[in-house]
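What follows is a single structure, written as structure tokens, with notes after it.
The values are calculated or read from the model by the stated rules, or taken from the named source; none is laboratory data. Every value quoted in this text rests on a predicted model; they were computed, and no experiment measured them. Note: ideal-geometry Cβ built from the backbone for every residue, glycine included; neighbour counts use all protein chains shown. Areas reflect the complete protein model, heavy atoms only, side chains present, ligands, DNA and RNA absent. Shrake-Rupley method; radii C 1.70, N 1.55, O 1.52, S 1.80 Å.
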Amino acid sequence: MRNLIIYAHPNSDSLNHFFKQVIVESLQESGQEVEVRDLNQIDFNPVLSLEDIKGQRTGKVALEVQKEQDFISWADQIIFVYPIWWAGMPAIMKGYIDRVFSYGFAYRYDQGVQKGLFTGKKAIIVNSHGKSKAEYEAIGMDKALALTSDTGVFTYCGLEIQQHFYFDKSDRATLENVAEWESQLKSLLIENTIAV
């Protein structure tokens, strides 16, 4: 399977960086192909410009956007790794989606009906956040996050979500928490390998 990891966190000592490394190593050990797009490392420009908008309407995108679209076209499975900041994805990840998931590439409308164009591709989303699961459930944030990211972005574009991990209280995680999260990630990746 061809796996594309889209990763957003500026700190190489972060928990998210650890998750990314676990995923890369697990996929490579199982003999799968892996490409990583570290958005901070490649200094991806997240700002959707007027030129971008005009280009998207005519099917023309910037070279840096085309490069990212080529990676997505290549992939069978896309794995998104990023923290939840201010109840959403980091700006660089949101900007990546704004610019790369363009009309005619990620979705289109056929006679007024929206159609996702990533059909046949799988997705795994890995998020960390500081609040507890109970706190998010109490205020409905868990449902809001699923609606805005899973429904509003990923399945909207036709991706088949295999799993969306929300690793909570990550700013005060114990070694046991991290070991459990690592085990959950590896288990899913092993299951996917067997399924292939």
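One quarter of the convex hull surface, Cα atoms only: what value does that give for the chain in nm²? Quarter of the Cα hull surface area: 11.7 nm². Taking GluC sites (Glu not before Pro) across the stretch 1-44, none is in a DSSP loop with at most 11 further Cβ atoms lying within 10 angstrom of its Cβ. Can you pull the percent of Cα pairs in the stretch 1-58 with separation above 19 Å? Counting every Cα pair in the stretch 1-58, those more than 19 Å apart make up 46 percent. Counted without the sites themselves, the longest stretch of the chain free of trypsin sites (Lys or Arg not before Pro) in a DSSP loop having at most 16 other beta carbon atoms within 10 Å is 61-168.
Remark: the stretch 122-127, residue by residue, has Karplus-estimated 3J(HN,Hα) of 9, 9, 10, 10, 10, 10 Hz, where x stands for each Gly or Pro and the curve is 6.51 cos²θ - 1.76 cosθ + 1.60 at θ = phi - 60°.
Spatially, the stretch 6-51 and the stretch 85-102 are offset by 14 Å when compared through their Cα centroids. Average accessible surface for the chain: 53 Å² per residue, computed with a 1.4 Å probe over protein heavy atoms with every protein chain in place.
For the pair Gln41 and Glu64, label points projected 7 Å from Cα toward Cβ lie 1.7 nm apart.
Classify the stretch 1-109 from the C-alpha gyration tensor, please: rounded if a/c falls under 1.5, else prolate or oblate depending on whether a/b exceeds b/c. Oblate. Given the stretch 103-153, report the % of alpha carbon pairs whose separation exceeds 18 Å. I get 49 percent for the Cα pairs in the stretch 103-153 exceeding 18 Å.
Here the accessible area is traced with a 1.4 Å probe on the protein chains. For the chain, carbon and sulfur cover 52 percent of it. Panel note: the C-alpha atoms of the stretch 45-93, placed on their principal axes, show extents of 33, 28, 15 Å (largest first).
Taking all protein chains as they are arranged and a probe of 1.4 Å, the heavy atoms of His9 leave approximately 30 Å² accessible to solvent. Note on the stretch 69-182: the alpha carbon radius of gyration divided by the globular reference 2.2 N^0.38 Å gives 1.16.
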